[in-house]
Each structure stands twice: as structure tokens, then as C-alpha cells.
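The values are calculated or read from the model by the stated rules, or taken from the named source; none is laboratory data. As the structure is a prediction and not an experimental result, all values here were calculated from the model. Virtual Cβ from ideal backbone geometry, glycine too; neighbours counted across all protein chains shown.
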4 protein chains.
Amino acid sequence: MSEIITVRGFVATDTKLKKLDSDTDTTDFRLACTERWFDREKNQWVEGQTNWFSVSAYRDLARNVVASLKKGDKVIVMGRLKIRSYTRQDSSIGTYVGLDAVTIGHDLTWATSTVLHKTYQGR
Amino acid sequence: MSEIITVRGFVATDTKLKKLDSDTDTTDFRLACTERWFDREKNQWVEGQTNWFSVSAYRDLARNVVASLKKGDKVIVMGRLKIRSYTRQDSSIGTYVGLDAVTIGHDLTWATSTVLHKTYQGR
Amino acid sequence: MSEIITVRGFVATDTKLKKLDSDTDTTDFRLACTERWFDREKNQWVEGQTNWFSVSAYRDLARNVVASLKKGDKVIVMGRLKIRSYTRQDSSIGTYVGLDAVTIGHDLTWATSTVLHKTYQGR
Amino acid sequence: MSEIITVRGFVATDTKLKKLDSDTDTTDFRLACTERWFDREKNQWVEGQTNWFSVSAYRDLARNVVASLKKGDKVIVMGRLKIRSYTRQDSSIGTYVGLDAVTIGHDLTWATSTVLHKTYQGR
């Protein structure tokens, strides 16, 4: 089973449109998701640790992401979780934690946003 | 346990800011979520049935929703599912299916959007 | 889009295997999901309101559900949310809130359980 | 925000009860979640890549997990996703992908199970 999860965080890198192949646009960015909770004793919000994800988008979503998202924007990301091991050049083992985005949106808890341009015809 | 779920759909009603009490802004709208899948035999997208939700937002999110969303906008909604029975005036039983929104965003699969105004200071 | 959600609750009715058609076994039961949280001031768990779902299972899962679940068992249910309006005989409108189960399991927060019989060969 | 996600997989290691401190029981195991889909052209199920998680459970859930789960059991796990970098002894960077379990259950798609012992009094 593949896991589709939804996370909230902020866009930590610039986005740029690339070609996966001649037909397929793609983009990727780093997403930082920091746990926050209200500490009743201190009467303030406190932050916990951060989950980092490598978000990838494809086709229409990739083009709209590049046209819409700026570094620092707070977003909601729904995507398929991919955890992969790889071997670095120094032969140590790294782990890639990726989200293949199903969809992404500006998080309206923190800001107002407006639709610029509808890219899909029909419903 | 309360269920926090994430759904995608379109805003089917106009939004308007109301007062829950003197300190708390709120708004609500109807959200239509229609199942879609790609039919390989017909080689086209087909639509299934629609789940309807009554979405409620509060405080900052309510104000940003009213400033950001228009009827017809496609959105992602993360919220707490509330299913409640009630008795109508004619004494028949109805069921309210609500989502108390945790957050909402424009769905970038279908359109580009831009942040208008950050309403939260700090991160 | 169809919403696959995961909820926790208890089985509120007996289960019985039925035939959807000559090839397809099915079963259904009512699931009660009650919000619970720890009240720090009272220093005790309190219960909120209850979401009720009509859970349906098919094929292998249906057979295993009937062989495994008893009324009162606490379970985890992952399923596709279906909200449908229907007209009652008295012509009032009712709402069906269903979960087409993807999978179900005994909730190990509340009890121990053991596998009785593996019904699937291979992985 | 912290991400509570639900995944399905199989228990890949033995479980053993440990003490986090004098009051708190804990256990952990490795969970393998493999994407599967039905390939219509080949007319068979095919498997994709595997997401590995380190699942931790605490208190009642830890005790019930150790009493209930065997290596190889197929389970549903709902938990809080934790992605953490750490430095290995050889100074290379590793990544821990953990799930702090909210709850776990035997997956009834693959087997029948029965409740052995209710460990929680009241509802």
C-alpha cells in the first residue's frame, strides 16, 4: 500500500520548472513541517522538531506550483509518502523522504490568497 | 476519538463573516466533493457521486476564508468530521455532516493562486 | 475525489455474512466513534459527541470481519467515506453516512488480540 | 504541526517490552509497507517499493502490542510521523523515520483475529 498523507509546512526553497521528459513538466521543493502546540503553563505557542520532506509535483500541478509558490509560503501538501535509501559517493547510506504531491494549496490559516488563473477547463 | 480528515472539492455557496460571540468570527460554506477516476476503456475522466459537507471556520481562518474564497473555487479542506442528527420542524430526522476546518487552501491542481496578505506575524 | 479516512470506534451491531451477488460476500455494521480528551482541570477523560457510520466490507474482508468482530469490539476502520441523501417512505429526506472499508483491525489500545487464521496465501 | 498518518504493512522484527523509565513501558518494531496495485495488462497484483518505519508504542499499547503481534503479522498502524537526522559514529548523516503509534491493529484483510483479553475497563 502506498500512503497518501496531508501535511502543513512552509516552502523552504525556490521552485523552478524542469522537464522529466519531453512531455512532462516537474518541479520540487523542500518542505519544513514543524510541530506546534499551545503550552498552557507558559500561555504561549511552542515549537517542537521539524519534519523535512522533498516534495515533487508533475504536469499541471508542477506548472501551477512554480507560478504560485514563493519560498517562505505556508502550504498544505497532500501526497504519496516515499522513503528510499540510497548510497552516497562516500558509500554512507542516506534516506530520501519524499512526497509525490497529489495536490498543494496556500494555507489560509496564515494568509489570504486569491486565484490568479484557472488552468483547467470544465469542472 | 475525533476524525481529522482532508478532502478536496469546490466551494458551492458564498461565504460571509458572522459573529459566534463578541470575540469570535466564524463563517461557513457548503463543499461538494465529487469522486473522479480515469476510465481506461472510455479513455476519459468520469465522475461519480458527490459527498456534501458543511464547512465551518473560526477566527483568523474564518476571516481569511471570507477574504480569499469565491463560490466555485476548488479547495483542499482539512477538518474535524462531525456527524449529528437533528429533528426538523416536521419532526423528521435529518443528519448534519460538518467539517470544523483546521485549515483550507486553494487547490493548485486546477489554478494558480497568490498570497495577498500575510495575517500572521512571526512564523 | 473520494475520501479515504481512518476512524476508531466500537462495533455497535452484530455482523452477518450476506451475498451482494452470487460471487460477492458482504457484511455491514454500525460503528460509533466518540471523541475523548483529557480534561486537565478535572484530571479525567471526558467524552464528547459520537459520529455514527454504516461500515460495509466485501469479499475476503467481509468474511474475516464476520469471523473476527463481535458487538462491542473496539476497532480501527480505514474506508472510503460515502455521504448520500435518500427519501424515506414518509417522503422526508435522510442522510446515509457510510464507510466502504478498505481494511479493519482490532484496536490494540484497549485489548490484546491474536491472529486465528491467515486467509491470504503469499504476501 | 505534527502529522498523524495511517499505514498498512507487516511487522518485520520481534517485539520486546522495555522500560522508558520506571513508570513507562515501551516497545518498538520495524514496519515494512509495500505499495501494491493491480496491473490490468498482466492481470495480476504487482508490488512496488517499500517504505520502512520504526514504530514505537508506549504504556497500554506497548504491553498489548508485545502480547499480540508476531513477526510477519500484517497490521494497520496509526501514528505520528517523526523524521530526524542523526550523525553516525563514522560521522555520516543518517535519517530516522519513526511512527509514534496512536494505535495498531491486526489487518483483517489478510487474516481473522480474535480479542484475547480486554485491558481497559469501562468504555
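Can we say D:F38 is surrounded by fewer than 18 Cβ atoms within 10 Å (Cβ to Cβ), in a strand (DSSP E or B) and within 14 Å of chain A (Cβ to nearest Cβ)?
Values: surrounded by fewer than 18 Cβ atoms within 10 Å (Cβ to Cβ): yes; in a strand (DSSP E or B): yes; within 14 Å of chain A (Cβ to nearest Cβ): yes.
It is true that D:F38 is surrounded by fewer than 18 Cβ atoms within 10 Å (Cβ to Cβ), in a strand (DSSP E or B) and within 14 Å of chain A (Cβ to nearest Cβ).
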Out of all the residues in the stretch A:19-37, which are over 18 Å from A:D107 (Cβ atoms) and free of Cβ contacts under 8 Å to residues at least 24 places away in the same chain? A:K19, A:D21, A:S22, A:D23
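Out of B:D25, B:D100, report the one residue that is within 28 Å of C:S92 (Cβ to Cβ), acidic (D, E) and either away from chain A (no Cβ under 11 Å) or in a loop (DSSP other than H, G, I, E, B) (or both). Give the steps one after another, and end with the answer.
Details: B:D25 fails: within 28 Å of C:S92 (Cβ to Cβ).
Of the residues listed, the single one that is within 28 Å of C:S92 (Cβ to Cβ), acidic (D, E) and either away from chain A (no Cβ under 11 Å) or in a loop (DSSP other than H, G, I, E, B) (or both) is B:D100.
Would you check which residues across the stretch D:63-88 are within 14 Å of chain A (Cβ to nearest Cβ) and under 19 Å from C:D107 (Cβ atoms) and list them?
Step one: list which residues in the stretch D:63-88 are within 14 Å of chain A (Cβ to nearest Cβ), which gives D:74-88.
Correct list: D:K74, D:V75, D:I76, D:V77, D:M78, D:G79, D:R80.
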Among the residues of the stretch A:69-97, the number that are surrounded by 17 or more Cβ atoms within 10 Å (Cβ to Cβ), in contact with a Gly (Cβ under 9 Å, 6 or more places away or on another chain) and outside any strand (DSSP E or B) is 0
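Only one residue in B:A62, B:A32 is at pLDDT 95 or above, among the hydrophobic types (A, V, I, L, M, F, W, C) and part of a strand (DSSP E or B). Which one? Reasoning before the result, please.
On the way: B:A62 fails: part of a strand (DSSP E or B).
Residue meeting the stated conditions: B:A32.
Considering only the stretch A:48-81, how many residues are in contact (Cβ under 8 Å) with a residue 60 or more places away in the chain and within 19 Å of A:T6 (Cβ to Cβ)?
First, pick out the residues of the stretch A:48-81 that are in contact (Cβ under 8 Å) with a residue 60 or more places away in the chain: A:60, A:71-81.
Within this subset, residues satisfying the condition of being within 19 Å of A:T6 (Cβ to Cβ) are A:73-81.
Residues in the stretch A:48-81 being in contact (Cβ under 8 Å) with a residue 60 or more places away in the chain and within 19 Å of A:T6 (Cβ to Cβ): 9 in total.
Considering only the stretch A:19-29, how many residues are over 14 Å from A:K74 (Cβ atoms) and either under 16 Å from the mean Cα position of the chain (by Cα) or surrounded by 15 or more Cβ atoms within 10 Å (Cβ to Cβ) (or both)? Break it down stepwise before answering.
In the first step, residues of the stretch A:19-29 are kept if they are over 14 Å from A:K74 (Cβ atoms); the result is A:19-28.
This time we only want the ones that are either under 16 Å from the mean Cα position of the chain (by Cα) or surrounded by 15 or more Cβ atoms within 10 Å (Cβ to Cβ) (or both), so: A:25-28.
Residues that pass the stated criteria total 4.
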Return yes or no: is C:L116 facing another protein chain (nearest Cβ under 7 Å) and under 30 Å from D:L69 (Cβ atoms)? yes
Within the stretch A:41-62, count every residue that is surrounded by 15 or more Cβ atoms within 10 Å (Cβ to Cβ) and within 8 Å of chain D (Cβ to nearest Cβ). 3
